[in-house]
Amino acid sequence: MKVIKLIEVRSELGAGTRGASLGIDALKLASLDYGSYYFGKFKVKEVRDSSHLLYKNPIRAYAKRIRGVIKIFNKLANAVQNEIKEGRFPVVLSGDHSSAGGTIAGVKMAYPDKKIGVIWIDAHADLHSPYTTPSGNIHGMPLASALGLGSKSGSKNPVTGDTIPYWEILKNLGGICPKITPDNLVFVGLRDFEKEEKEYIEKNNVHVVKVNEVRKGKLKELAKKITQRYLGNCDILYVSFDIDALDAKLVPGTGTPVKHGLQVNETTKLLKELLKDERLACFEVTEINPLLDKENQTAERIFPIFREAINTIEKRKKKQKKVVKKIEKAVKKVIKGKKVTKIPRVKPGLKKVSKAKPSKKKTTKAKPRKKKLSAKPKSKLIRKKSARKPLRKKTVAKTKGRKSKKLIKRKPVKRKIKRTIKKK
Ligand SMILES: [Mn+2]
């Protein structure tokens, strides 16, 4: 089975307030309050941070600690790329949101020829570059780096020196720039942005789903609108969840809380619907800051949202296995010269799904092994079925035409066989 891998990035180099690098552990500790050892089940990859840089004076006013951020981008992008290529699902837990630039780079590096759609759940637009930033904090710039924005022409800030080439490095990470396009970007919960960001959004018709639209309910429909209408032509999706998308009152423990944000319930439901999409290749949660919090209430509020989100991703993986099984059946039919009317489709990002284990109750000796789709020896379940099938098939196939009726008729047969196997 395709496994979720946590990638932990304890960095807050991109934030303006201290403490976000502790957010991952705040979330993990919050899980204990729910009486669960939830995090114990995950495999973890740690991306080493460069937090020692926090104790050095940031010398570049318009891109603070950019050298450290470049290192993190690099490591994170490689980690994300590797996990995807190994057939795992990377869930990134990060300190501040600058890391998302590295995450997107990693997704794009894993799928250089695919269109990446980004769902940015955040109060902020994070579209600044060193040329427009009011703060110099890179956690306001990850989308700009992914979109390849920012240049000297029309610059608001007098950017000079090595900030310029360093920003170019961030933009061009992995040798691909831009990694995403504005038409494949959707903001959810956006409500705090600067003039330059607003101009960019309007000029490029970036999709924005405001808090009001989420508040209306009908979150299934809303999720469909986002994934199918707005991002329907994307091959791969990435969801970035900055917890400040929630209302400031609910998340005091975050660097830049903003009023009039999302509620817990609607966020959970919407996330669940969004994460069901089969094209989803990566999910990130970021910007928990326990130093700004009271008794870890923020992380405690976020944990159930996170858990639901991960459950959805895990369920999706099971569904994928079912699709793979169906495909295997279809292949068998084709090999036997039968007509197959519908071939189930595995979408990009799902291709490495391994074969499902047959049900436990079977009695045959040899243990079934997980195999990749390409190498496809018969599992016992299928063997048994196919051993019995011909009897039925002959009668059905010879008397009837070779139309879809045949397929419809065969369905109950399969079910019966399943039952008999289980009884054994
Ligand atoms: Mn953000």
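Please treat every number below as a calculation from the coordinates, not as lab data. Source: prediction; values computed, not measured. Because the Cβ atoms are built from the backbone with ideal geometry, glycine has one as well, and the counts that use them run over all protein chains shown.
Odds and ends about this structure:
- Amide H contacts under 5 Å for A123, placed H, 5+ residues apart: D244, A245
- Angstrom value of the Kirkwood radius, inverse mean 1/r, which spans all Cα pairs in region 50-116: 12.9 Å
- The trypsin sites (Lys or Arg not before Pro) found in region 53-118 that occupy coil by DSSP, while having at most 15 further C-beta atoms within 10 Å, are K56.
- By average C-beta atoms within 10 angstrom, highest first, the peptides 119-127, 286-294: 119-127, 286-294
- Three-way shape call for region 5-95 based on the alpha-carbon gyration tensor, with the a/c threshold at 1.5: oblate
- Taking amide H atoms as placed 1.01 Å from N in the peptide plane, the amide H of T254 lies under 5 Å from those of N289, each 5 or more residues away in sequence or on another chain.
- The distance from the alpha carbon centre of region 299-349 to that of region 226-288 is 23 Å, rounded to a whole number.
- Applying the Karplus relation 6.51 cos²θ - 1.76 cosθ + 1.60 with θ = phi - 60° to region 266-276 yields 3J(HN,Hα) values of 5, 5, 4, 5, 5, 4, 4, 5, 5, 6, 5 Hz, where x marks Gly and Pro.
- Karplus-based coupling profile of region 184-198, in residue order and whole Hz: 9, 10, 10, 8, 10, x, 5, 7, 9, 7, 9, 3, 5, 5, 4, with θ = phi - 60° in 6.51 cos²θ - 1.76 cosθ + 1.60 and x standing for Gly or Pro.
- Under 5 Å from the amide H of F89 lie the amide H atoms of V3, I4, K5, each residue being 5 or more positions distant or on a separate chain, with H modelled from the backbone and absent for Pro and chain starts.
- For region 62-79, backbone phi angles converted through the Karplus equation (6.51, -1.76, 1.60; θ = phi - 60°) give residue-by-residue couplings of 9, 7, 5, 6, 5, 5, x, 5, 4, 4, 5, 3, 4, 5, 5, 4, 5, 4 Hz, Gly and Pro being listed as x.
- Net charge of the neighbourhood of L93, taken over other residues with C-beta under 14 Å away and scored Lys/Arg +1, Asp/Glu -1, is -4.
- When the Cα atoms of region 4-319 are aligned to their principal axes, the ranges along those axes come out at 51, 42, 41 Å in descending order.
- Annotation note: trypsin sites (Lys or Arg not before Pro) in region 204-256 located in DSSP loop regions with a Cβ neighbour count of at most 14 within 10 Å are K210, K216, K218, K249.
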